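Step one of this worksheet: look at the structure below.
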Amino acid sequence: MNFTELLGHVGIFGGAVIVSLALLSVFSVAMIIDKHRRFSSASGQSEKFKPEFKKFLHGGDVQNLVEAARQHQNSYVAQVVSAGIVEYDGVAQSGGDPTASLELVTSALRDSISETLIQLKRGLGFLATIGSTAPFVGLFGTVVGIINAFRSIAATGSGGMSVVSGGIAEALVSTALGIFVAIPAVVAFNHFTGKLETFHVEMNRASSQLVNRLFKIPELKGLDLEEAEVKASKVKKEGPAYATR
């Protein structure tokens, strides 16, 4: 008996289970394709944005960085960096102390990371649900198929193949289809979850580098100026005493 003949012996309830699993499979494949496209676009644009960000970290112009972020709006790194730059510029333009805005910029970066992760995670819960429930839906169809097989045996009083074929067909097809639907969903969910962890690490690294660039470098410059003033004052004090000799 081939697969087509098995489907021909499937009952109404078993057919409903099979149709449900088939629809879940279609939705799962569509979600996998969509997430793969979105993750590939985000990763590719982030790789193109990183050189501009590195230039800024080494003393580049902030306007070039902002322009690069506009050109790579799907980049998760660009979204985080843009949020920090906008918050920092907002405090500076309002006349506030840029150094005192460290907490505001850090909060803006943290919120941007959370929002970006929410956008990237959208739809993964659906894949996780399909991966965890599809085998149980198939098992439910399996149980119903076995029950129908025993009912046929009880009704006819015999256990020939023609009697139990319908119930066995429901059981086998439901089991196989449930596993077939669950495996790609689970594999894709684990793959995308690993990608999200990588994206999270890169966004945290970019936010730390941005904070260091905006706040720690001015502090170092201030320390250099203080050291220069101390040296100048020492020279002035030693100058007259040295001249009297």
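Return one whole number: the accessible area per residue of region 12-131 in Å², for a 1.4 Å probe. Display every interim value, and only then the final one.
Values: 6580 Å² over 120 residues.
With the other protein chains kept in place, region 12-131 gives 55 Å² per residue.
For R110, the solvent-accessible surface with a 1.4 Å probe is about 130 Å², rounded to the nearest 10.
So which of K55/K195; K54/K121; K35/K195 end up more than 18 Å apart, counting from Cα to Cα? Present the calculation step by step, with values, prior to reporting the outcome.
Values: K55/K195 26 Å; K54/K121 27 Å; K35/K195 11 Å.
From K55/K195; K54/K121; K35/K195, over 18 Å: K55/K195; K54/K121.
The values are calculated or read from the model by the stated rules, or taken from the named source; none is laboratory data. Being a predicted model, the structure only gives us computed values, none of them experimental. Remember, those area values only see protein heavy atoms, side chains included, never the ligands or the DNA or RNA. Shrake-Rupley method; radii C 1.70, N 1.55, O 1.52, S 1.80 Å.
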